[in-house]
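Peer 1: Below is the structure I would like to discuss, written out as structure tokens.
The values are calculated or read from the model by the stated rules, or taken from the named source; none is laboratory data. Predicted model, so just to flag it, every value in this text is computed and none were measured. Counting neighbours? That spans all protein chains shown, and the Cβs are built from the backbone with ideal geometry, glycine included. For the accessible areas, the whole protein counts, side chains as well, though only heavy atoms, and no ligand, DNA or RNA atoms are used. Shrake-Rupley method; radii C 1.70, N 1.55, O 1.52, S 1.80 Å.
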Amino acid sequence: MEKKVIRAALLGLGTVGTGVYKVIKNQKEEMIPKLGSEIEISKILVRNLEKAAAKVDDPKILTNNWDDIVNDPEIDVVIELIGGIEPAKTYILSALNAGKHVVSANKDLIAVHGKELLDAAEAHHVDFLFEAAVAGGIPIIRPLKECLAGNHMAEVMGIVNGTTNFILTKMTQEGMEFKDALALATELGYAEADPTADIEGLDAGRKVAILASVAFNSRVVFDDVYIEGITKITAKDIKYAKEMGCDIKLLGVAKNTEEGIEAYVCPMLIPSNHPLATVNDSYNAVFVNGDAVENAMFYGRGAGELPTASAVVGDVFEIARNIKADCCGRIGCTCYKEIPVKKMADTHNRYFMRLIVEDRCGVLAEMTAVFAKYGVSVAQIIQKAARAEESAEVVVITAQVREGDFRTAMEELSGRSSVRKISSMLRVYGE
Ligand code: HSE
């Protein structure tokens, strides 16, 4: 179907909405040669018309009434950038049901209700695209669905939260403690006024659910993802990890194993020579492993006005091309398998731990006897110089062990009188 002007409506004119408005404007001259049609933002839904007026060339396109958009037959594409579950879900479903294509950056919604939204898109032969929902400007959803479709993906993992990566970078490079690094992130605008979703790993967990679903062709929802944040990490953990050849990063990990999918977000030690260990500041990176491509890494800006707008506009352009070629709904839901998601206790990892123990003969033997009982093998061990009150600090990295068995061993160890404190327990990425 030949259509020269594609009309889009923006829902929300915050940071990303403003970025999308700017990028579409900057692309005006390129659209006809690039796409064969022109994209026009013909309506913008905002809460405060007066405040929004300063951000657009023609305030007449602003509305605070959703019905103006959903009932307008001229609007082909709805770009949802308001975030959260409601009213975003109602708006998206009613737009899809009205035969409009939808682009969304809403990871909270897609990680929980992705299937319902994709089913609605399929029922109406329209596109529902969400490249910006994972890692902002980094292309990863379409690469997984299209360029890498010839693979059985074994793993997709990475650093998908810029705020926490900034905090951990400052703790690593400047020896800062968590609360000081968080205060700096807030001062510089990297952390939001309420940083909970970032520092507790929830934002990354939503992205892992979406990445795992797309990579393994099997639905993984937010509740399936095991999540730990970075609030308990100390400068000392980072220093000792370095001594053992590792950095600490908040990793989102999804693996497709013979026993099922593993999906988790937690601070992990990663060997300092792994490419992800060099991803610093607020940058994101996603690392994939497939049976044909082997390893590939995607690196860039995971948030921000123009980087996120870059992903949104890429989706809008894809829809414009699909409209022109009359092939909308070409790539919808790709979850055609039903693979179970494993419990965290059934995953296998290596573990790093710091313990304060009594400094006397036989304590290490007692520790390793408990480890041996549960199949925990020590791979690296450092004993720090004896501290006050006849205690010593022992830092251990284990070999691969089932998480449930490791936890039982740690419980038993924490009940021993020779173990004064277990200061930290972190997972270690890699074999
Ligand atoms: N708050 C996120 C981050 C960006 O810090 O990476 C949006 O998901």
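Peer 1: Would you mind listing how long the range 295-431 runs along its three principal axes, going by Cα atoms, in whole Å with the largest first?
Peer 2: So the three principal-axis extents are 78, 35, 25 Å.
Peer 1: Collect residues whose amide H, placed 1.01 Å from N in the peptide plane, falls under 5 Å from the amide H of residue 257; neighbours closer than 5 in sequence don't count.
Peer 2: 262
Peer 1: Continuing with the same structure: How charged is the neighbourhood of residue 166? Take every other residue with its Cβ under 10 Å from the Cβ of residue 166, and add Lys/Arg as +1 and Asp/Glu as -1.
Peer 2: On the way: positive: 170; negative: 198, 281.
That works out to -1.
Peer 1: For the pair residue 61/residue 180, report the inter-label distance in nm, with labels modelled 7 Å from Cα in the Cβ direction.
Peer 2: Here the modelled spin labels are 4.8 nm apart.
Peer 1: Please list the equivalent ellipsoid semi-axes of the range 67-198, computed as the square roots of five times the alpha-carbon gyration tensor eigenvalues, in descending order and whole angstrom. Display every interim value, and only then the final one.
Peer 2: Numbers: eigenvalues 237, 82, 23 Å².
After scaling each eigenvalue by five and taking roots: 34, 20, 11 Å.
Peer 1: Now for a separate question. Sorted by accessible area with a 1.4 angstrom probe, largest first, how do 131, 228 fall?
Peer 2: Details: 131 15, 228 50 Å².
Ranked from most to least accessible, the order is 228, 131.
Peer 1: One-quarter of the Cα convex hull surface for the range 1-146, in nm²?
Peer 2: The directionally averaged projection comes out at 8.9 nm².
Peer 1: Test of understanding: express the Cα radius of gyration of the range 106-168 as a ratio to 2.2 N^0.38 Å, with N the residue count. Walk me through the numbers before you get to the answer.
Peer 2: Details: Rg = 14.0 Å, N = 63, 2.2 N^0.38 = 10.6 Å.
Expressed relative to 2.2 N^0.38 Å, the Cα Rg reads 1.32.
Peer 1: Return the carbon/sulfur percentage of the accessible area of the range 1-137, one whole number, probe 1.4 Å, all protein chains in place. Please report the intermediate quantities before stating the final value.
Peer 2: Working: 3050 of 6080 Å².
Heavy-atom surface of the range 1-137 belonging to carbon and sulfur, 1.4 Å probe: 50 percent.
Peer 1: Could you report the accessible area of residue 82 in Å², rounded to 10, computed with a 1.4 Å probe on the protein chains as they sit in the structure?
Peer 2: 70 Å²
Peer 1: Step through the table entries 89/207; 4/25; 207/324; 4/100, compare each Cα-Cα distance with 25 Å, and write down the pairs that go over it.
Peer 2: Values: 89/207 18 Å; 4/25 17 Å; 207/324 31 Å; 4/100 17 Å.
Going by Cα-Cα distance, 207/324 fall outside the 25 Å limit.
Peer 1: Can you give the Rg to Rh ratio of the range 146-277, both from alpha-carbon atoms, with Rh computed by the Kirkwood formula? Intermediate values should be presented prior to the final figure.
Peer 2: Details: Rg = 15.5 Å, Rh = 15.4 Å.
So for the range 146-277, dividing Rg by the Kirkwood Rh gives 1.01.
Peer 1: Averaging over every viewing direction, what projected area does the convex hull of the Cα atoms of the range 58-99 cover, in nm²?
Peer 2: Taking the Cα atoms of the range 58-99, their convex hull projects to 3.2 nm² on average.
Peer 1: Let me ask something else about it. Farthest toward the dipole's positive end in the chain, which of 27, 173, 70, given Cβ charges of +1 (Lys, Arg) and -1 (Asp, Glu) about the Cα centre?
Peer 2: Of 27, 173, 70, it is 173.
Peer 1: Keeping all protein chains in the complex and leaving out DNA, RNA and ligands, what accessible area do you get for residue 223 with a 1.4 Å probe, in Å² to the nearest 10?
Peer 2: Answer for residue 223: close to 140 Å² accessible.
Peer 1: Work out the length of the dipole vector of the chain about its Cα centre, built from +1 on the beta-carbon of each Lys and Arg and -1 on the beta-carbon of each Asp and Glu, and round it to the nearest 20 debye.
Peer 2: Values: 48 positive and 61 negative charges, 94 e Å.
Computed about the Cα centre, the dipole is about 460 debye.
Peer 1: Could you work out the Kirkwood radius for the chain, taking every pair of different alpha carbons, averaging 1/r and inverting it, reported in Å? Numbers along the way, then the final one.
Peer 2: Working: mean 1/r = 0.0429 Å⁻¹.
Hydrodynamic radius (Kirkwood, Cα pairs) of the chain is 23.3 Å.
Peer 1: With a point put 7 Å past each Cα toward its Cβ, work out how far residue 418 is from residue 383 in nm, to one decimal.
Peer 2: About 1.0 nm separates the two model spin labels.
Peer 1: Can I ask one more? Return the percentage of antiparallel bridges among DSSP beta bridges fully within the range 296-415, rounded to the nearest 5 %. Please report the intermediate quantities before stating the final value.
Peer 2: Numbers: 15 of 15 bridges.
If we restrict to bridges inside the range 296-415, about 100 percent are antiparallel.
Peer 1: Could you state the principal axis extents of the C-alpha atoms in the range 212-302, from the largest down, to the nearest angstrom?
Peer 2: Principal-axis extents of the range 212-302 (Cα, largest first): 39, 29, 27 Å.
Peer 1: The range 47-106: which GluC sites (Glu not before Pro) are DSSP loop and have at most 15 other beta-carbon atoms within 10 angstrom? Intermediate values should be presented prior to the final figure.
Peer 2: Numbers: sites: 50, 74, 80; in loops: 74.
Answer by residue number: 74.
Peer 1: Count neighbours as other Cβ atoms within 10 Å of each site's Cβ, and list the trypsin sites (Lys or Arg not before Pro) in the range 249-302 that are DSSP loop with at most 10 such neighbours.
Peer 2: Working: sites: 249, 255, 301; in loops: none.
Sites meeting the loop and neighbour criteria: none at all.
Peer 1: Another question, then. Roughly how many Å is it from the Cα centre of the range 174-244 to that of the range 325-357, as a whole number?
Peer 2: That distance is 17 Å.
Peer 1: Right, another one. Just to be sure I understand: of the beta bridges DSSP finds with both ends in the chain, what percent are antiparallel, rounded to 5? Don't jump to the answer; show the numbers that get you there.
Peer 2: On the way: 53 of 78 bridges.
Here the share of antiparallel DSSP bridges comes out near 70 percent.
Peer 1: Suppose all protein chains stay in the model; what accessible area per residue would a 1.4 Å probe give for the range 42-118, in Å²? Mind showing how you got there, number by number?
Peer 2: Details: 3520 Å² over 77 residues.
Dividing the accessible area of the range 42-118 by its residue count gives 46 Å².
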